[in-house]
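This report refers to the structure that appears directly beneath it.
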Amino acid sequence: GQLVESGGGLVQAGASLRLSCVSSGRPFSRYSMSWFRESQGKERKFVAAIDWTNGTLYTDSVKGRFTISRDNGKNTVHLQMNSLKPEDTGVYYCAAVVGRGVSLANVRAYSDWGQGTQVTVSS
């Protein structure tokens, strides 16, 4: 299967962006989908996840600002990012995993990744 992200860009602090990830080649509704961020020189870190039951999980730093959602009819997962901060800067990767009991915040749980989309927030 393939994952293709879009929607990144350069914005000022306080602005909003909406990332999208289109999935192909997998039964999308059965997969849990997540977003990770990789900042320069740092390891890839968990941002948000939505499982196959539409349950959601967020890292503390984005709670109340970011919203993850999915459209199973379009095989797409979105990440709405509001009130962006410079520390949100990085390459955002979409990831997919199937199965129950998966630790969705664990980068090692995923084998399917997109190519990433750059988000840059200036102060």
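The values are calculated or read from the model by the stated rules, or taken from the named source; none is laboratory data. Because the structure is predicted, anything quoted here is derived from the model rather than measured. Glycine also receives a Cβ, built like all others from the backbone with ideal geometry; neighbour counts cover every protein chain displayed. Heads up: the accessible areas ignore ligands, DNA and RNA and are worked out on the full protein's heavy atoms, side chains in. Shrake-Rupley method; radii C 1.70, N 1.55, O 1.52, S 1.80 Å.
Can you pull out every residue in region 27-59 that is over 20 Å from residue 108 (Cα atoms) and either open to solvent by 80 Å² or more (accessible area, probe 1.4 Å) or touching a His at 6+ places or on another chain (Cβ under 7 Å) (or both)?
53, 54
Listed here are the residues, each with its yes/no results for (1) touching a Cys at 6+ places or on another chain (Cβ under 8 Å); (2) at pLDDT below 95; (3) assigned to a loop (DSSP other than H, G, I, E, B).
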site	(1), (2), (3)
4	yes, no, no
18	no, no, no
41	no, yes, yes
45	no, no, no
48	no, no, no
57	no, no, no
70	no, no, no
84	no, no, yes
87	no, no, no
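Condition check ((1) in contact (Cβ under 8 Å) with a residue 12 or more places away in the chain; (2) among the polar types (S, T, N, Q)) across all residues:
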{"residue": "13", "(1), (2)": "yes, no"}
{"residue": "18", "(1), (2)": "yes, no"}
{"residue": "21", "(1), (2)": "yes, no"}
{"residue": "32", "(1), (2)": "yes, yes"}
{"residue": "38", "(1), (2)": "yes, no"}
{"residue": "47", "(1), (2)": "yes, no"}
{"residue": "55", "(1), (2)": "no, no"}
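Restricting to region 7-19, and then to whatever is among the aliphatic types (A, V, I, L, M) and under 15 Å from the mean Cα position of the chain (by Cα), can you tell me which residue is least open to solvent (accessible area, probe 1.4 Å)?
19
Please pick out the residue among 98, 22, 62, 4 that is among the aliphatic types (A, V, I, L, M) and open to solvent by less than 50 Å² (accessible area, probe 1.4 Å).
That would be 62, the only listed residue that is among the aliphatic types (A, V, I, L, M) and open to solvent by less than 50 Å² (accessible area, probe 1.4 Å).
Among the residues of region 20-31, count how many are within 11 Å of residue 94 (Cβ to Cβ) and either polar (S, T, N, Q) or not in a strand (DSSP E or B) (or both).
Residues meeting the conditions: 2.
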